[in-house]
Amino acid sequence: MVSVDEKLEPIFQEVLRRNAGEQEFHQAVREVLESLGRVIAKHPRYLENALIERICEPERQIIFRVPWVDDQGQVQINRGFRVQFNSALGPYKGGIRFHPSVNVGIIKFLGFEQTFKNALTGMPIGGGKGGSDFNPRGRSDGEIMRFCQSFMTELHRHIGEYTDVPAGDIGVGGREIGYMFGQYKRLTNRYEAGVLTGKALFYGGSRARTEATGYGNTYFVQAMLATKGQSFDGKKVVVSGSGNVALYTIEKVQSFGGKVMAVSDSSGYIVDESGIDLALLKEIKEVRRGRMSDYLRAKGKGVYFVNADAGSIWDVPCDVAMPSATQNELTGKDARKLVANGVTAVGEGANMPSTPDAIRIFQEAGVLFAPGKAANAGGVATSALEMQQNASRDSWTFDQTEARLATIMRNIHDACAETADEYGAPGDYVLGANIAGFVRVAQAMDALGVI
Ligand code: NDP
């Protein structure tokens, strides 16, 4: 395990003490602190005024009750969260996640990561994250709407175009954003398009926002491969998940000539020897909201399905792995298997999908490794473009928006690579992303006084 610099160790110990039991948050903080030893050696002033301690402490944490009535007339209760982590660079910005695993530690880790990710985009946005332990699986459309309305009934007090601008994440897509925006509008009596991003096109959304995270990760990996004179063309790719990020990763990888061999959901994974049929997968996931086994039933020949408890998608041999489901889905054991099978690049579409052990194994094996806070920043960057369009009451074409996204991803790639070089660790995108993101946030906080 990489160690935390001895000057930073007390800060980490204090984070552990103040946030007991929040393992994902500890993991995210530790990964950033591990990179900062080189920064404080070069710029000791970042140790002054408890700057790093302040960056590790959210500005505000809101936890609330979300009561709602199900289709049987029974009252259900969930817990809602919004962690407003850091607003030194702009209004808090980050998605909302609906998943039964959600708790305050998960939302804090996501908000912490988001702060550096948003800084890396170079756009004027701070970091935040929210969500609920609500499980949307199997819920009717009416139940989803009533839940979203109740969630927003509390959340609306804490957000706003200039305050905090949520978007989607796991379990929250265009439908849920629509229900939440509708409730916000009723409660505030304001058509404040810039309060939420990920809206549908016909009421203020941005073209290419749906595609942005998956496309962005693919652009990032393309840039990494190019540093070795390689491209996606002819490469075998495995993409975990089959939600928003995964589907549009597959779309872009295929357009670059890559062959996507396998995808998954929480029930298991499928392998399609002839390459994933994206139109079929989209039909199953976006229209029918079905399961992975539906793909096997529809396609049959050349396809096999492996149950989640019988194996890992990372057993499937590939040149490029793009984990796009959830945190800690790719373990040390998975990384060893991928390396043994000859993987050359990994691009994290999800947030923190690789365990620290897995990252170490990839880096020691010389695998190009793109951490989520850089590689999946295309989603939030395009959300910031949506805010720009809303503020100017304008609407850009798909090509114009995608061109901006491609440039932003290239800039993030270059910033990470150049920072890694500057700090004596060429090719270490984890270090590059952590330091480049940290320096931007730290400079702003420094300039704003003790905040
Ligand atoms: P979706 O809800 O659209 O899709 C999530 C996918 O991951 C589903 O296929 C889901 O399967 C699967 N999944 C979720 N939990 C697990 C689990 N424990 N084990 C296996 N599979 C699981 O979410 P998104 O695609 O939006 O988000 C995916 C990841 O990308 C998350 O880490 C998110 O934070 C990150 N991200 C998303 C952005 C965005 O713009 N949407 C931006 C940046 C990062 P099932 O349906 O069976 O649960």
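With 0.36 nm allotted per residue and the present C-alpha distance subtracted, the E161-V2 stretch has 53.2 nm of extension available.
Over the Cα atoms of region 211-366, each weighted equally, I'd like the Debye log10 I(q)/I(0) at q = 0.10, 0.15, 0.16, 0.18 Å⁻¹, rounded to two decimals. Computed log10 I(q)/I(0) values: -0.30, -0.71, -0.81, -1.04. With the simple model of a label 7 Å out from the Cα in the direction of the Cβ, A340 to D141 spans 4.8 nm.
Taking label positions 7 Å along the Cα-Cβ direction at both S267 and R79, the computed distance is 3.0 nm, reported to one decimal.
Cross-link pairs exceeding 30 Å in C-alpha to C-alpha distance, out of K235/K299; K252/K333; K42/K235; K199/K235; K93/K228; K337/K373, comprise K42/K235; K199/K235; K93/K228.
Counted residue by residue at 0.36 nm each, then reduced by the alpha carbon distance between them, the extension gain from D309 to A391 reaches 24.8 nm.
Counted over region 211-366, the DSSP beta bridges are approximately 50% antiparallel. Between S101 and L16, the simple label model (points 7 Å from Cα in the Cβ direction) yields a spacing of 2.3 nm. Of the three principal axes defined by the Cα atoms of the chain, the extents in descending order read 60, 56, 43 Å. As a proxy for reagent exposure, F256, F398, F98, F438 were ordered by neighbouring Cβ count within 10 angstrom, fewest first; the result is F398, F256, F438, F98. Bridges between two residues of the chain, per DSSP, are antiparallel at a rate of about 60%. Of all DSSP beta bridges located in region 60-192, what percent are antiparallel, nearest 5? Given both bridge residues lie in region 60-192, the antiparallel proportion sits at roughly 70 percent. Dividing the helix sum by the residues of the chain, where each DSSP H run of 4 or more adds -39500 (n - 2.57), gives a mean residue ellipticity at 222 nm of -14500 deg cm²/dmol.
Once the Cα-Cα distance is subtracted from the 0.36 nm per residue extended length, the I451 to R410 segment shows a gain of 11.6 nm.
Here is the tail figure for region 119-163: Cα pairs spaced more than 18 Å apart come to 48 percent of all pairs.
Since every read-out is calculated from the coordinates, none of them should be taken as a lab result. What you see is a predicted model, and the numbers here were worked out from it, not measured in a lab. Cβ coordinates were reconstructed from backbone atoms using ideal geometry, including for glycine residues, and neighbour counts include every protein chain displayed.
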